[in-house]
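The values are calculated or read from the model by the stated rules, or taken from the named source; none is laboratory data. It should be emphasised that the depicted structure is a prediction, and the values quoted were computed from it without experimental measurement. Don't worry about glycine lacking a Cβ; one is built from the backbone with ideal geometry, like all the others, and counts go over all protein chains shown. Ligands, DNA and RNA are stripped out before the accessible areas are found, and what is left, the full protein with its side chains, is counted by its heavy atoms. Shrake-Rupley method; radii C 1.70, N 1.55, O 1.52, S 1.80 Å.
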Amino acid sequence: MNAPHPAKVAGIDSTVPSPAHTVASAVAGASPAAPSSGPGTSGAPGALLQDRLAGWVSDLTTLHELTERLARTDSLAEALQELLRAGAALVGARRGLVVLEPSDGLGPDSTIGLGLGRADLGHIETVPRSSLPYGRILEGLPVTEGGIAEPDLFVEEGLDPRHREVAARLGYAASYALPLSTERAGRLGAAVWLYDEPAEPRERQRHLVGLYARYAAEHLARLLETERTRACMATMAEELLPSRLPRVPGVQLAARRRTGPRGGGDFCDALPLPDAALGLAVGSVTGSGPSAVAATGRLRASLRAYAVMEGEDPVAVLSDLELLLRLTEPARSATALFGYCEPALRRITLAGAGHSPPLLIGERRTEFVETSVSAPLGMLACWEAPSVEVRAEPGETVLLYTDGLLRRTGDPVDRAFARLHAAAAGVPRAKRHDPDAVVDHVLRTVLPDGADEADSEEDVVLLAVRFDR
């Protein structure tokens, strides 16, 4: 005969129902008061075995559903929230918190609560760590295999007074904590669930949540590695933008960059040169990931050196860069646009290698600058194309950008160019004096509905140069 559902723990109705068939309930069902399946007791062992098998199947089904939900999370924050929800269902709690604090000290460190606000987490953090169960786990103190249970905080001997005070204030009376660790990554953190009334998980519940926590720790370790890689790539990619745009009389500058999750090879630069001139550059190296980012860093550093030596002749700058790329990066190509800017004359001398033309934005005109046609760097044995000269009117802005802005639209090339032109022409008059407002408007208009912030394989870099009146 099937046993009844187990009673709720501490009055909590978990989101995932506990299995109706369990080993414990099966044993209880085999008491002398239980009805026999026939004369004598010959049917009792078979009924008991059937009940146990049903309980195991139910437990495995529950674990499968919870681990499937966890596996579908693709960020640390989502995984930690799912871990808290599933653990609360398995142990019969309503609230809890998880502390991510990898033992290698490389981070990221974070604390996420379930049913606890930021202020509640702040109150808990005022309790000395060594007196909290998850604190003892994080400090590396020995922990039994079944976790740390505090069935009744208000009768617990030796409990820190501050812990008891915070528990009374937040309205929880018991807790159960588990470590989160893997053999390869070591300790990742700890999770603790809070009961509204004195309670502790049964042996079956501890077993199930322990199995789940082991799987969750492996999943968290993978996401942690991914998060660290992304953070590293983002930091490296940020270095491909000038840490601070130079201040040169006669012009105002603004730059924006959007990088995909793997990191890419798009860059821009603005470099002060002798005689109050300015070197302007945008470019893109083929590929993505760490190797592309590293190659882009080398290319940008080389371009800076050539700009200092031969900045007045943009063709010579790109010719030197072409030779360097062929000799040092034979398997890689790049597009680039370099301009020698003379703010006092409102003039830019441009040379391009396989790069999209700049866009001139003014009150009376919005037009693409006609640049000479050339193959990308690294594609020809000998490269040289004539430079072009751009003269801007007072208050006009020259917008340099990488091809990723066009490719992110998903439109054919001609339609993408038309979209970019329309976005630039539609910059409100009140915003045209501010290059930051100009690049933001163009970015959001060309890539609407959050496409400018969404993950994409295509990098986007914009550099705006506004000439003062």
task: Quick one: which strands (runs of 3 or more DSSP E) lie wholly within the range 279-384 and hold at least 3 residues that are under 20 Å from Asp459 (Cβ atoms)?
output: 334-342
field: Single residue of Glu322, Glu329 found to be under 31 Å from the mean Cα position of the chain (by Cα) and either surrounded by fewer than 19 Cβ atoms within 10 Å (Cβ to Cβ) or more than 17 Å from Leu271 (Cβ to Cβ) (or both)
entry: Glu329
field: Matching option when the condition is modelled with pLDDT under 90 and not aliphatic (A, V, I, L, M), among Gly264, Gly186, Gly171, Gly210
entry: Gly264
Of all residues in the range 132-170 being of a type in the set (A, V, I, L, M) and not in a loop (DSSP other than H, G, I, E, B), the one that is surrounded by the most Cβ atoms within 10 Å (Cβ to Cβ): Ile137
query: If only one of Asp459, Asp468, Asp403, Asp414 is among the acidic types (Asp, Glu) and farther than 30 Å from Gly311 by Cα, which one is it?
result: Asp414
field: Check on Leu345, modelled with pLDDT of 90 or more and closer than 24 Å to Arg257 by Cα
entry: no
- line: Of the residues in the range 305-315, those that are open to solvent by 50 Å² or more (accessible area, probe 1.4 Å), hydrophobic (A, V, I, L, M, F, W, C) and in contact (Cβ under 8 Å) with a residue 24 or more places away in the chain number 1
- request: Taking the options Thr182, Thr126, name whichever one is closer than 15 Å to Leu97 by Cβ, in contact with a helix residue (DSSP H, G or I) (Cβ under 9 Å, 6 or more places away or on another chain) and of a type in the set (Ser, Thr, Tyr).
  value: Thr126
query: Can we say Pro102 is in contact with a helix residue (DSSP H, G or I) (Cβ under 8 Å, 6 or more places away or on another chain), of a type outside the set (A, V, I, L, M, F, W, C), surrounded by fewer than 19 Cβ atoms within 10 Å (Cβ to Cβ) and touching a residue at least 60 places away in the same chain (Cβ under 8 Å)?
result: no
- prompt: Does Gly339 fit the bill of being among the small types (Gly, Ala, Ser) and under 21 Å from Asp275 (Cα atoms)?
  reply: yes
- prompt: Could you say which residue among Leu223, Leu241 is in contact with a Cys (Cβ under 7 Å, 6 or more places away or on another chain), open to solvent by 10 Å² or more (accessible area, probe 1.4 Å) and modelled with pLDDT under 95?
  reply: Leu241
- prompt: Using beta carbons and a limit of 6 Å, which pairs, at least six apart or on different chains, have the first residue in the range 316-337 and without any contact (Cβ under 8 Å) to a residue 40 or more places away in the chain and the second one assigned to a helix (DSSP H, G or I)?
  reply: Ala316/Glu310; Val317/Tyr306; Val317/Ala307; Val317/Glu310; Asp320/Tyr306; Leu324/Ser302
Filter pass, Ala331 being of a type outside the set (Phe, Trp, Tyr) and farther than 20 Å from Gly378 by Cβ: no
statement: Taking first residues from the range 365-377 that are without any contact (Cβ under 8 Å) to a residue 24 or more places away in the chain and over 20 Å from Arg419 (Cα atoms) and second residues anywhere that are of a type in the set (Ser, Thr, Tyr) and open to solvent by less than 40 Å² (accessible area, probe 1.4 Å), the pairs with Cβ under 9 Å that are 6 or more apart or on different chains are Ala375/Ser333
message: Pairs needed: first member in the range 113-140, at positive phi; second member anywhere, loosely packed, with under 15 Cβ neighbours inside 10 Å and in a loop (DSSP other than H, G, I, E, B); C-beta distance under 9 Å; at least 6 residues apart or different chains.
response: Gly140/Ser103
- prompt: Restricting the first residue to the range 80-94 and requiring it to be open to solvent by 10 Å² or more (accessible area, probe 1.4 Å), which pairs with a second residue that is among the polar types (S, T, N, Q) meet a Cβ separation below 7 Å and a spacing of at least six or different chains?
  reply: Glu82/Thr73; Arg85/Thr15; Leu90/Gln205
task: Name every residue in the range 111-131 that is open to solvent by 30 Å² or more (accessible area, probe 1.4 Å), outside any helix (DSSP H, G or I) and more than 23 Å from Gly210 (Cβ to Cβ), in order of residue number.
output: Gly117, Thr126, Pro128
